[in-house]
Amino acid sequence: MADEAVPAGARESAPFRLNARMIAYAIAAAALLLVAWTFYRAFAHQDEAWAPVATSVIGKPPPPLPTTPDLWHGRIDYRLIDQRLQTLAAQPEMAGLAVAIVEDGKLSFVKGYGVTDFETNTPIAPGTVFRWASLSKGVAGTMAALLASEGKLSLNDTVAQWGSTLRLPGGAEQKLTIGQLLSHQTGLTKNAYDGRLEGGANPAALRMGLAAAPQQCAPGTCHSYQNVAFDAASEIEGKAGGKIYGQLVEEKLFEPLGMKRAGVGMDALIGSENWAKPHRGHQERPVVESYFRVPAAAGVSSSILDLERWMEAQMGLWPKVLSPNVLNEAHRVWVPTHRVYAGRLARALDDPGYGLGWRSFTYQGHLLQGHSGAVDGYRSTMVYDPKEKTGIVMLWNSNWGRPFAFPLELFDNYYRIEPTDWLDLPPGSTILPAGAAPAQTNPQDIAAEDVHSGDVAEAPARRKKR
């Protein structure tokens, strides 16, 4: 039987159809390999910073930021928290305020209040950059613990062993360890030579001159808060890590954690597209470089979202970047301290201690950790419960210290204990928690809050009054 006649065009199209099918198969296989490789990078091999990339590849966007009431869910009464924060931000002493709350390991609340400055009235946004001030010390402490875990230094190494410029009375730098340096056990009087730093003196020269500074106690025997001496850590860690301190921090901590607007140095603040200007009340203050020149002590700036991510890492939620051993070394109490803050607020916090740039205390029987900071025109605080993975971070661009008390209102709410009006704002200006007792803050307590009992990097006017 003769073959059926096949049109010439049809004979030519069969191989074409076969090739097209093979190409389609190849594209599909490549796409599957890409998705598989992305998941491998995100969840099996690389750090968590890759996870958002993976979710975008498979078409599942990250969850929206919890900036509105419909997204506030949890044990905490966020609507009441928001009302209290609105009232706080509206006080004449305030300019702008950014707040983020993590509850049970999840970002549950983030919001900005007020403005970056009163000339443009630009509203505070989640991406607005503020200074951390002394909250930066926890970065230096965490970095030291990380470098120690990598075998690049030992926390028992002496300060002199690493060629630091720090000199102490009687040559004590030959015995003072890195761990003692980062827990403020130099023996120097509190905030030694800060005034000279503010006057423009070179930090390295000041550290060498500390050999003649007055002492509060023998080195290694008490806690005495420092900035100039503490920043010897930037020299030591830079040498151990083989890079300039700021670059080391950004590459080993901020970038792996996805802290996109965090940086070390003055340009990390004023070089940002959206940054909060410093204020004293409604008066804008100049940005002063002095404490940026001691980066381990007070050199970090970021948005509230970056600070929230940093708190997550300290809670142990990013173990591929900061392991439990690193965090335990940084957070454990190296030395007991005097009470934090002043007045009733101080009396509410028991068992105060200091680790490597980190404070700890107990409130109503619960361990809390964190740190705070202040430079002229800026304040910051972080307080969290490491067991419950719940905490708050706050950044504001004014000199007022009253917001330092607000974390205790949050924990009253979370722990379901009898609430206290810790903000103690003028009568009729705020909605109080049901049944709240007044904090009965007096003028002396308010002034002490501004100074923040040693967590202040820059408060020359206050020191002159003493």
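The values are calculated or read from the model by the stated rules, or taken from the named source; none is laboratory data. The shown structure was predicted, so the numbers you read here are calculated from the model rather than taken from an experiment. Note that we place each Cβ from the backbone using ideal geometry, even for glycine, and neighbour counts take in every protein chain shown. The area values use the complete protein model at the heavy-atom level, side chains included, leaving out ligands, DNA and RNA. Shrake-Rupley method; radii C 1.70, N 1.55, O 1.52, S 1.80 Å.
Annotations
- For segment 302-362, relative contact order (Cα pairs under 8 Å, six or more residues apart, normalised by length) works out to 25 percent.
- A 1.4 Å probe run over the protein chains yields, for segment 278-435, 32 Å² of accessible area per residue, whole-number rounding.
- Accessible area in the full protein assembly, largest first, 1.4 Å probe, for L65, L349: L65, L349
- Of the GluC sites (Glu not before Pro) in segment 70-157, those whose Cβ has at most 10 other Cβ within 10 Å and which sit in DSSP loop: E119
- Segment 110-216: relative contact order as a whole-number percent, Cα under 8 Å and 6+ apart: 21 percent
- Shape category assigned to segment 76-147 from the gyration tensor of Cα positions, a/c cut at 1.5: oblate
- Residues with amide H under 5 Å from that of S108, placed H, sequence gap 5 or more: I101, V102, E103
- Per residue, segment 53-164 exposes an accessible area of 39 Å² to a 1.4 Å probe, with every protein chain left in place.
- Derived scalar couplings between HN and Hα for segment 177-188 equal 8, 4, x, 5, 4, 6, 10, 6, 10, 6, x, 6 Hz in order, rounded to whole Hz, by the Karplus curve 6.51 cos²θ - 1.76 cosθ + 1.60 (θ = phi - 60°), x for Gly and Pro.
- In sequence order, segment 246-255 has phi-based couplings of x, 5, 4, 4, 5, 6, 8, 10, 5, 5 Hz under the Karplus curve 6.51 cos²θ - 1.76 cosθ + 1.60, θ = phi - 60°, and Gly or Pro positions carry x.
- Set K60/K320; K60/K277; K175/K277; K190/K320; K137/K175; K60/K260 screened for pairs whose C-alpha atoms are more than 32 Å apart: K60/K277; K175/K277; K190/K320
- Of all accessible heavy-atom area on segment 236-360, the percent that carbon and sulfur account for (1.4 Å): 47 percent
- Here the accessible area of segment 86-129 is 51 percent carbon and sulfur, with a 1.4 angstrom probe and all protein chains present.
- When T128, T165 are compared by accessible area of protein heavy atoms, the largest-first order is T165, T128, using a 1.4 Å probe.
- Interchain or long-range residues, amide H under 5 Å from V383's placed H: I392
- Each part reduced to its alpha carbon centroid, segment 223-272 and segment 342-408 end up 22 Å apart.
- In sequence order, calculated HN-Hα J values of segment 131-138 (Karplus, 6.51, -1.76, 1.60; Hz; x Gly/Pro): 7, 8, 6, 6, 4, 5, 4, x
- Long-range HN-HN contacts of R280 with modeled amide H, under 5 Å: R285
- Accessible area in the full protein assembly, largest first, 1.4 Å probe, for D194, D424: D424, D194
- Prolate/oblate/rounded call for segment 170-230, Cα gyration tensor, a/c under 1.5 rounded: prolate
- For segment 291-421, size of Cβ-based charge dipole, Lys and Arg +1, Asp and Glu -1, in debye: 260 debye
- Here segment 167-204 and segment 99-134 have alpha carbon centers that stand 33 Å from each other.
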